[in-house]
Amino acid sequence: GQEITCKKFKDIYDNGTDLCETMWDGAFKVVDNYSAAYTMWFFDAINPNDAISQTLHPTGNTSVCNLDFYHKDFPTPEGENFTECHPWKQASCCTTDIADADGLNVAYGPGYQWDRCGTLSKACERFFVQEACFYECSPHAGLYRKWGGHACDDNDPGCSTTYNATCDE
């Protein structure tokens with residue numbers, strides 16, 4: 001196997017925006033206008049990404065889960081034990097067994113574990129849990145992802161727009 005070389009994020013990325021825009025191979029772009037972009041986390045009863053999806057791609061279908069691997073075919077409500085990825089409890093593309101910090105961290109194997117180089121700060125680990133919950137559970141994530149198997153036009157710059165207030169913290 002290939003040996004993993006561990007570096008601190010500050011030695012890889014210039015800042016949080018660079019991390020967000022580079023880590024996922026340019027699939028996302030950080031913007032200042034929160035009302036025009038996705039959010040990875042929310043506490044409101046209504047998912048704010050519903051309105052963003054309607055604005056960015058009105059014909060996009062969020063009544064299906066647009067990703068494969070650990071995703072369900074259709075977003076459905078989850079039970080009371082669905083606590084880690086709680087923003088998506090009412091309409092989730094992931095199941096309870098994948099939607100906890102341990103499940104999210106090990107799902108794709110050792111090369112993708114966020115703590116493979118050691119213990120992370122609570123804030124840093126929370127960022128990765130929120131990102132993983134967004135990707136695994138949101139019916140919006142697959143619809144607007146930049147690479148392959150999505151309903152979005154690669155030439156539309158709005159398709160890969162995201163907003164994350166924690167990127168620069």
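The values are calculated or read from the model by the stated rules, or taken from the named source; none is laboratory data. This one's a predicted model, so the numbers in the text were calculated from it and none came from an experiment. Note that we place each Cβ from the backbone using ideal geometry, even for glycine, and neighbour counts take in every protein chain shown. SASA here: full protein model, heavy atoms, side chains in, ligands and nucleic acids out. Shrake-Rupley method; radii C 1.70, N 1.55, O 1.52, S 1.80 Å.
Take the conditions (1) more than 24 Å from GLU125 (Cα to Cα); (2) assigned to a loop (DSSP other than H, G, I, E, B); ASP97 misses just one of them, which is (1). Total residues in the range 11-36 satisfying the condition of being open to solvent by 80 Å² or more (accessible area, probe 1.4 Å), farther than 16 Å from CYS124 by Cβ and not in a loop (DSSP other than H, G, I, E, B): the figure is 3. Within the range 103-122, does at least one residue satisfy the condition of being among the β-branched types (Val, Ile, Thr), free of Cβ contacts under 8 Å to residues at least 24 places away in the same chain and open to solvent by 70 Å² or more (accessible area, probe 1.4 Å)? Checked the range 103-122: at least one residue is among the β-branched types (Val, Ile, Thr), free of Cβ contacts under 8 Å to residues at least 24 places away in the same chain and open to solvent by 70 Å² or more (accessible area, probe 1.4 Å). Listed conditions (1) part of a loop (DSSP other than H, G, I, E, B); (2) among the hydrophobic types (A, V, I, L, M, F, W, C); (3) on the phi < 0 side of the Ramachandran plot are all met by PHE69, apart from (3). Annotation: of all residues in the range 41-66 being assigned to a loop (DSSP other than H, G, I, E, B) and either among the polar types (S, T, N, Q) or on the phi > 0 side of the Ramachandran plot (or both), the one that is most open to solvent (accessible area, probe 1.4 Å) is THR59. In this structure, PHE82 does satisfy being open to solvent by less than 40 Å² (accessible area, probe 1.4 Å) and in a loop (DSSP other than H, G, I, E, B).
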